[in-house]
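Working notes, beginning with the structure itself.
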Amino acid sequence: MNLPNKLSCFRMALVPLIVLVWIFPYAQLNIAMPEFTFGIVSLSLKNILVLVLFCVASFTDYLDGQIARKNHLVTSFGKFIDPIADKLLVNTMLIMFVCYGMVPIVPVIVMIWRDTIVDGMRMSTASKGIVVAAGMLGKIKTVSQMITIILVLLNNLPFELWRFPMAEFMLWFSMLVSVASGFSYFMQMKKYIMETM
């Protein structure tokens with residue numbers, strides 16, 4: 001396994017650790033998580049720890065792509081595993097936010113629907129030996145989702161200081177780009193999918 005693929009697998013391995021840090025029963029075990037105040041915004045150490053882990057995982061997404069392209073290490077496995085690692089990371093975070101009432105459920109459901117449909121189309125084309133790499137809209141979707149997650153973890157800092165709901169704006173923007181990229185994937189794979197109907 002080459003380095004970019006190892007980085008994708010490392011990103012996947014960080015997801016359970018992020019979940020553990022987020023849902024760990026600190027209060028039940030009498031562990032007091034420090035709170036930091038920035039103007040009118042309070043930020044828990046738990047948020048900061050998860051943010052650091054999430055940023056490390058997100059950076060590996062950038063890094064594995066750069067290394068793969070620069071060193072001609074792009075593989076079919078890499079094209080397959082990289083978007084899966086991204087979706088595991090991003091969708092896990094979004095689902096946890098919904099569970100804790102931090103974001104509205106509708107955009108998250110729509111984005112998960114999109115991912116499920118695109119993954120189904122990818123599996124259909126992969127059975128024919130065709131691997132469809134992430135397109136530009138798909139990459140924009142992932143980046144906008146990652147920005148959204150960072151803003152939610154920061155309790156919308158610094159925009160909350162000006163009462164501007166940037167985190168929520170980015171969430172809905174991510175949903176729109178997600179739908180658009182899903183349609184783009186469908187158009188790319190339509191002829192292969194329709195062959196089996």
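Laboratory data are not the source of any read-out in this text; all were calculated from the coordinates shown. Predicted model, so just to flag it, every value in this text is computed and none were measured. With ideal geometry, Cβ positions are generated from the backbone for all residues, glycine too; neighbour counts draw on all protein chains shown.
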Please arrange 69, 114, 163 by how many other C-beta atoms lie within 10 Å of their C-beta, fewest to most.
163, 69, 114
Pairs of Cα atoms under 8 Å, at least six residues apart: use those to get the relative contact order of the range 3-194, whole percent.
25
For the Cα atoms of the chain, what angle does the longest principal axis make with the long axis of helix 45-70, in degrees from 0 to 90, nearest 10?
30
Quick one: if the Förster radius is 25 Å, what FRET efficiency do residue 116 and residue 75 give, using the C-beta to C-beta distance and rounding to 0.05?
0.55
Under the Debye formula (equal points on every Cα, no solvent term), log10 I(q)/I(0) of the chain at q = 0.08, 0.11, 0.17, 0.19 Å⁻¹
-0.30, -0.56, -1.17, -1.37
With the cut-off at 27 Å, tell me which of the pairs 6/191; 70/191; 139/191; 70/190; 70/141 have Cα atoms farther apart than that.
6/191; 70/191; 70/190
For the residues 176, 153, what sequence is obtained by ranking on other C-beta atoms within 10 Å, fewest first?
176, 153
Hey, with R₀ at 25 Å, roughly what FRET efficiency would residue 157 and residue 13 work out to, going by the Cβ-Cβ distance, to 0.05?
0.30
For 147, 117, 81, order by how many other beta-carbon atoms lie within 10 Å, fewest first
117, 147, 81
